[in-house]
Amino acid sequence: MGLTLSVGLIGCGPQKTSDEDVQVLTINDYDELRAGKRNVVLLVDVRPKRDYEAGYLPGAVNVPLPEIVSNMPQLGSATHLVAYSQGGIEDTGLGRAGAKKLIAFGYKNVYELRGGAAAWEAEGRKLVK
């Protein structure tokens, strides 16, 4: 009985993921994904709230990395999730970690935006402040 219970609990939490599970998008790839008529693409800023408030990509929602769980209502009916962080020289891998955590909690069509907010600005695009 104890063995059955412990086996049943194994599947209750997030699944393990690796870097190979994460698809990486460039800014141009992101634009192409958004252009798809059936795609509802949502940017997920996984930085702490104070960093998000300092400047974020248009249309992004803020879900700090520690707060990612399954069935988050703020992700709505998105068919594709694109996680990002600051990127650039100070990149800590937070965007990749966010994408991996979303995948681990069972979300599908999850990507990491290569270069994050820094790449967005480098392309001459504005952040929302």
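The values are calculated or read from the model by the stated rules, or taken from the named source; none is laboratory data. Only a predicted model underlies this, so the values are computations on that prediction, with no experimental measurement involved. All Cβ positions, glycine included, derive from the backbone under ideal geometry; neighbour counts span all protein chains shown.
Tell me which residues, restricted to region 86-105, are of a type in the set (Val, Ile, Thr) and touching a Ser or Thr at 6+ places or on another chain (Cβ under 6 Å).
Ile103
Per-residue answers, yes or no, for (1) of a type in the set (A, V, I, L, M, F, W, C); (2) more than 13 Å from the chain's Cα centre (by Cα); (3) assigned to a loop (DSSP other than H, G, I, E, B):
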| site | (1), (2), (3) |
| --- | --- |
| Arg34 | no, yes, no |
| Arg38 | no, yes, yes |
| Leu42 | yes, no, no |
| Glu53 | no, yes, no |
| Pro66 | no, no, no |
| Ser77 | no, yes, yes |
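May I ask you to verify whether Ile103 is more than 20 Å from Leu25 (Cα to Cα) and of a type in the set (A, V, I, L, M)?
Judged against the criteria, Ile103 is not a match.
Of these, Glu121, Glu67, which one is of a type outside the set (A, V, I, L, M) and in contact with a Leu (Cβ under 8 Å, 6 or more places away or on another chain)?
It is Glu121.
Condition first: surrounded by fewer than 13 Cβ atoms within 10 Å (Cβ to Cβ), under 19 Å from Ala97 (Cβ atoms) and not acidic (Asp, Glu). Now tell me which residues in region 16-33 satisfy that.
Hits for region 16-33 are Lys16, Ser18.
Provide a single number: the residues in region 84-129 that are over 11 Å from the mean Cα position of the chain (by Cα) and under 15 Å from Arg47 (Cβ atoms).
Total meeting the criteria: 16.
Looking at region 15-34, I want the residues that are in contact (Cβ under 8 Å) with a residue 24 or more places away in the chain and within 21 Å of Phe105 (Cβ to Cβ) and have a partner that is surrounded by fewer than 13 Cβ atoms within 10 Å (Cβ to Cβ) and of a type in the set (D, E, K, R) with Cβ atoms under 9 Å, at least 6 apart or on another chain. Which pairs are those?
Listed pairs, sorted by first residue: Leu25/Glu32.
Give the residue that is nearest to Ile103 (Cα to Cα), with candidates limited to residues of region 39-85 that are in contact with a Ser or Thr (Cβ under 9 Å, 6 or more places away or on another chain) and surrounded by fewer than 22 Cβ atoms within 10 Å (Cβ to Cβ).
Leu65
Looking only at residues in region 83-121 that are more than 18 Å from Val69 (Cα to Cα) and among the acidic types (Asp, Glu), which one is modelled with the highest pLDDT?
So the residue we want is Glu121.
Are any residues in region 96-129 charged (D, E, K, R) and not in a loop (DSSP other than H, G, I, E, B), and if so, which ones?
Scanning region 96-129 gives Arg96, Lys100, Lys101, Glu112, Glu121.
Being modelled with pLDDT of 80 or more, surrounded by 10 or more Cβ atoms within 10 Å (Cβ to Cβ) and small (Gly, Ala, Ser) is the requirement here; does Gly36 meet it?
yes
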